[in-house]
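Scroll down for the structure; my scribbles are underneath it.
The values are calculated or read from the model by the stated rules, or taken from the named source; none is laboratory data. Quick caveat: nothing in here was measured; it's all calculated off a predicted structure. Cβ placement follows ideal geometry from the backbone for every residue including glycine, while neighbour counts extend to all protein chains displayed. These area figures cover heavy atoms from the full protein model, side chains too; ligands, DNA and RNA do not enter into them. Shrake-Rupley method; radii C 1.70, N 1.55, O 1.52, S 1.80 Å.
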Amino acid sequence: MFKKGSKLYSILTGSCPKCHQESMYSDTNPYHLSKTLTMHENCSHCGIKYKIEPSFFYGAMYVSYGVGIAFAVAAAVISGVFLKASIHYVFASIVGTLIVFAPIIMRISRNIWINMFVHFDKNAVKNK
C-alpha cells in the first residue's frame, strides 16, 4: 500500500506522480519556509512538467482546506477526548497544530492535487 507505484507513496513522499523517482520539490524539507512550495519545473527521470498549466495549483487550496480540517479534528480529539483538556486548551491546540503543520499541509495538498490528474506509469523512465 505504501510502495512505489501507489498514489499514497507519491502523496506522502512528494515524489513525481508519474515515475516516483525523485522529489517534486527543490528542497525536501518543508520547514525551510522560503522554499516550502518551490518545485522543479520537470522531472529529470520521466520529463513530466509539474505545473501542468498556469495557476494549476490554485485547486490545491480547496484540498488544503480539507486537509487542514483533518489536522484540526485530530488535534481536537487528541486534546479534548484523550487528554481531557478544557475548551480553551482544545482551541489553542487546534491553532497551534495548524500553525506548526502549515508547511506540511500545503505540500500534502499539492501532492494530492497533482496525483488527481497524473497517474503512475511504470514505463515512464524507459519511455523518456
statement: Per the rule of 0.36 nm per residue minus the C-alpha distance, extending Asn29 to Val77 adds in nm 14.5 nm
Amide hydrogen neighbours beyond the local backbone of Tyr25, cut-off 5 Å, H modeled: His40
task: Mind putting a number on the dipole of the chain about its Cα centre? Charges go on the C-beta only, +1 for Lys and Arg and -1 for Asp and Glu, and I need it in Debye to the nearest 20.
output: 360
message: For a quick check of your reading of the filter: which chymotrypsin sites (Phe, Trp or Tyr not before Pro) in region 72-113 sit in a DSSP loop and have no more than 11 other Cβ atoms within 10 Å?
response: none
Whole-Hz couplings from phi, Karplus 6.51/-1.76/1.60, listed for region 100-110; x for Gly and Pro: 5, 9, 3, x, 5, 4, 4, 5, 4, 5, 5
query: Measuring with a 1.4 Å probe in the full set of protein chains, what accessible area per residue, in whole Å², belongs to the chain?
result: 62
- request: Work out the charge dipole of region 1-118 with +1 on the Cβ of Lys and Arg and -1 on the Cβ of Asp and Glu about the Cα centre, then indicate which of Ala102, Ser86, Cys46 is farthest towards its positive end.
  value: Cys46
statement: Log entry: pair-distance distribution for the chain, C-alpha pairs binned every 5 Å from zero, whole % per bin is 2, 11, 18, 20, 17, 12, 9, 6, 4, 2, 1, 0
- line: Quick note, region 1-46: a/c under 1.5 would make it rounded; otherwise a/b > b/c is prolate and the rest oblate (a ≥ b ≥ c, C-alpha gyration tensor); here it is oblate
- request: With springs only between Cα atoms under 10 Å apart, run a GNM on the chain and tell me which of Val73, Val90, Val81 wobbles the most.
  value: Val81
- prompt: Ignoring any ligand, DNA or RNA, what whole percent of the accessible area of the chain comes from carbon and sulfur when the probe is 1.4 angstrom?
  reply: 67
